[in-house]
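Please treat every number below as a calculation from the coordinates, not as lab data. For clarity, every value in this text was computed on a predicted model and none was experimentally measured. Here the Cβ positions follow ideal geometry from the backbone for every residue, glycine too, while neighbour counts run over all protein chains shown.
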Amino acid sequence: MISKEEVLHVAELANLKLKDNEVDGFVSQLDDIVTMASQLSTVDTEGVEPTYHMSDTTTVFRADEGKHTQTREELLENVPEVQDNLIKVPSIVDKEDGE
Amino acid sequence: MDYFNETIDLLHKKLADKEITAESLTKDTLQNINDKEAKLNAYVTVNDQATEDAKKVDEKGIEGRLSGIPVAIKDNILTKGVLTTASSKILSNFMPIYDATVTEKLKNAGAINVGKTNLDEFAMGSSTETSYYGTSHNAWDYTKVPGGSSGGSAAAVASGDVIAALGTDTGGSIRQPASFNGIFGIKPTYGRVSRWGVIAFASSLDQVGVMSKRVEDSAEVLTTIAGHDVHDSTSSEKEVPDYRANLNKDMHGVKIAVPKEFWHEGTDPEVLKTVDEAIETYKKLGATVEEVSLPSLKHAVEVYYVIASSEASSNLQRYDGVRYGFRAKDVKNIKELFVNSRSEGFGDEVKRRIMLGTFTLSAGAYDAYFKKAAQVRTIFINELKAVLDKYDLIAGPVTTSTAFGIGEKIDDPLAMYMNDILTIPANLAGLPAASVPAGTVNGLPVGLQLMANSFDEQAIFNAAYALQEENKFYEQIPTALKEED
């Protein structure tokens with residue numbers, strides 16, 4: 001039902017990289033699960049509305065007013081790398097071996 | 001100090017009469033937790049600040065009924081200044097800068113957070129075996145799983161560590177471990193309790209609930225944590241009744257439905273026998289019991305794993321190593337930072353579900369899987385509603401077996417998923433549901449499941465209380481602990 005190529009494609013979409021020795025295990029487990037889920041096709045759902053969420057469908061309004069919550073310092077407390085009070089990340093544009 | 005013969009009522013009296021202080025109670029509680037941790041591994045973090053917090057409660061004076069009472073909180077619920085990991089490597093260094101609404105409500109009531117309990121990573125699992133911090137153990141038999149995902153909370157309560165603990169329930173994560181550990185556990189109606197500050201797994205299914213040995217103590221805690229929250233627009237504005245004050249064990253005139261599909265051949269006959277006996281007790285107490293049918297139950301696991309995984313794949317996109325949590329080293333660009341942080345930070349079960357959800361939401365599979373599952377969900381909700389239009393409660397087993405062995409099912413995800421078939425319905429329909437101790441089979445506890453109409457938690461508390469007062473299961477000390485004495 002689900003091929004190795006599909007699993008690798010899905011992993012890429014999900015920003016996950018599987019180790020070579022993990023791939024086959026994931027393929028067979030996901031295949032089992034997707035095969036199970038395929039049994040849904042036996043249910044007649046013609047004209048049935050899907051349930052995507054459980055809340056009342058009414059829109060919740062609130063006043064548009066500014067509120068102080070956390071400080072900048074607090075918000076930066078969990079950031080792995082900070083420089084000059086900013087979140088530091090590696091280069092976005094790859095200079096060396098850009099594709 | 002343990003909580004085997006305690007209730008919130010008794011503890012509150014002792015605190016209010018100054019027979020004990022919150023500080024001494026918390027100290028003793030922490031001592032007891034630390035003594036047992038080597039065997040139970042119920043906690044990810046024991047809260048060192050708890051004694052200080054208790055001191056402050058003493059200084060302010062004992063006020064409400066939870067004032068000065070130690071409780072444990074599942075480690076996917078944010079606690080300001082106390083590590084919150086969801087039992088994942090990717091959050092292993094995460095220090096919340098705010099409290100979840102439920103944490104804040106407990107604190108405002110004067111309750112003391114003594115520790116953060118272990119769970120399956122991101123609550124994905126039925127055994128705590130997927131935790132980055134190792135599996136917790138069942139207090140009745142250390143070689144068995146405590147169930148999951150709220151396995152740490154269940155083990156903590158069952159072993160007398162605390163009077164009550166918070167859990168979360170997405171597909172049975174409160175009720176299954178409650179059943180495996182011989183305690184009471186309730187998943188309230190979707191929207192009854194705020195999810196603000198609760199680490200999201202599947203947002204249309206997740207709900208915070210309570211676990212305790214005694215029904216009245218969960219009723220007390222749920223009354224405290226329930227209610228509308230401006231931070232969670234899915235939380236209900238319906239008034240919160242005082243569940244404990246309203247407890248009523250009179251079962252006369254209560255109408256109970258038992259779905260025949262719950263008496264499945266795949267379920268341990270001894271478990272079914274124990275559940276049958278509990279249902280007989282209700283008849284004896286004056287309830288009427290009738291058989292009903294839920295024909296779509298056979299598709300519940302399929303619906304659940306498609307929907308839960310789809311929502312999880314979306315919710316877990318936020319873990320990228322940028323703003324908080326684990327960040328992979330030696331990366332050459334931002335894309336690699338995302339991919340490596342996630343690949344090194346998530347465990348296998350979480351990856352499996354993210355991939356399943358990414359697949360079921362992908363362009364070619366969306367209609368056949370995600371939309372289809374959402375439609376079958378509607379059909380199933382209608383079946384449950386039709387039953388609850390005529391009955392006050394639905395009763396049945398919680399699990400297909402008693403607690404299974406550590407390592408027994410972890411390599412077979414599908415077998416693990418099938419465990420959840422009896423607890424999933426309440427989540428798919430947003431209904432309140434609980435596990436109530438019904439008896440033991442070969443020395444391991446069995447729970448009775450009770451489901452009710454939306455926002456009728458009281459019906460569950462009342463029936464659970466009625467059974468508790470008949471079987472007094474709370475008097476039993478878990479076997480593994482007893483053997484040590």
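Points worth noting:
- Placing +1 on the Cβ of every Lys and Arg and -1 on the Cβ of every Asp and Glu, with nothing else charged, gives chain B a dipole about its Cα centre of roughly 1220 debye.
- Contact order relative to length of the stretch B:204-260, as percent, for alpha carbon pairs under 8 angstrom and 6 or more apart: 27 percent
- Of all DSSP beta bridges confined to chain B, the antiparallel ones make up roughly 70%.
- Percent of C-alpha pairs per 5 Å bin, the stretch B:376-421, short to long: 5, 16, 18, 17, 15, 12, 11, 6, 1
- Projected area averaged over orientations for the stretch B:79-191, convex hull of C-alpha atoms, nm²: 7.0 nm²
- Here B:LYS255 is the anchor, and the lysines within straight C-alpha reach of less than 17 Å, apart from those fewer than 8 places off in the same chain, are B:LYS283, B:LYS284, B:LYS385, B:LYS390.
- Put simply, the amide H of B:VAL441, placed in the peptide plane, has neighbours under 5 Å in B:VAL446, leaving out anything fewer than 5 places away on its chain.
- Nitroxide proxy distance, nm - points 7 Å out along Cα→Cβ at A:ASP44 and B:LYS390: 2.2 nm
- Taking other C-beta atoms within 10 angstrom as a stand-in for reagent exposure, B:ILE406, B:ILE334, B:ILE394 fall in the order B:ILE334, B:ILE406, B:ILE394, fewest first.
- For chain A, alpha-carbon Rg and Dmax in angstrom: 23.0, 59
- Separation of alpha-carbon centers, the stretch B:166-192 and the stretch A:47-90, rounded to whole Å: 27 Å
- Peptide A:76-82 - average C-beta neighbours from other chains (10 Å radius): 5
- Average other protein chain Cβ within 10 Å of Cβ, residues B:331-340: 5
- Longest to shortest principal axis, alpha-carbon extents of the protein assembly as shown, angstrom: 75, 60, 54
- Counting only whole DSSP H helices of chain B, the ones at least 20 Å long by C-alpha along their axis and with mean Kyte-Doolittle hydropathy no lower than 0.0 are B:300-315, B:372-390.
- Computed from label points 7 Å out along Cα-Cβ, the spacing between A:GLU22 and B:GLU237 is 4.6 nm.
- In terms of distances greater than 24 angstrom between alpha carbons, the cross-link table entries B:LYS74/B:LYS105; B:LYS107/B:LYS187; B:LYS18/B:LYS80 yield B:LYS18/B:LYS80.
- Across chain B, the relative contact order, built from alpha-carbon pairs under 8 Å that are at least six residues apart, equals 18 percent.
- Positive end of the dipole of the protein assembly as shown (Cβ unit charges, origin at the Cα centre): among A:THR35, B:LEU285, B:VAL258, the Cα lying farthest that way belongs to B:LEU285.
- Ordered by the number of other Cβ atoms lying within 10 Å of each residue's own Cβ, fewest first, A:LYS19, B:LYS298 fall into the sequence A:LYS19, B:LYS298.
- B:ASN442/B:PHE4 FRET efficiency (R0 22 Å; Cβ-Cβ; nearest 0.05): 0.50
- Point-to-point label distance, A:VAL60-B:ARG323, nm (Cα→Cβ direction, 7 Å offset): 1.9 nm
- Hz values of 3J(HN,Hα) by residue in the stretch B:317-323 - Karplus curve (6.51, -1.76, 1.60), Gly and Pro given as x: 5, 5, 7, 9, x, 8, 9
- Fewest-first ranking of B:PHE122, B:PHE201, using other Cβ atoms within 10 Å as the exposure measure: B:PHE201, B:PHE122
- Averaged over the residues of B:353-362, the number of partner chain Cβ atoms lying within 10 Å of the residue Cβ comes to 6.
- Computed from the C-beta positions of B:GLU470 and B:LYS14 and an R0 of 30 Å, the FRET efficiency is 0.60 to the nearest 0.05.
- Spatially proximal aspartates and glutamates relative to B:LYS36 (Cα-Cα < 15 Å; intrachain offsets below 8 disregarded): B:ASP2, B:ASP28, B:ASP141, B:ASP161, B:GLU483, B:GLU484, B:ASP485
- Pairs from the table (B:LYS89/B:LYS116; B:LYS27/B:LYS55; B:LYS13/B:LYS60; A:LYS67/B:LYS60; B:LYS39/B:LYS144; B:LYS249/B:LYS273) lying more than 20 angstrom apart at Cα are A:LYS67/B:LYS60; B:LYS249/B:LYS273.
- Annotation: extensible slack from B:ALA363 through B:ASP348 equals 3.0 nm (criterion: 0.36 nm per residue apart, minus Cα-Cα distance).
- Per residue, the convex hull volume that the Cα atoms of chain B enclose (Å³): 136 Å³
- Bridges between two residues of the protein assembly as shown, per DSSP, are antiparallel at a rate of about 70%.
- When peptides B:22-31, B:171-180, B:139-148 are ranked by their average number of other Cβ atoms within 10 Å per residue, the highest-first order is B:171-180, B:139-148, B:22-31.
- Relative contact order for the stretch B:1-130, counting Cα pairs under 8 Å that sit 6 or more residues apart, in percent: 27 percent
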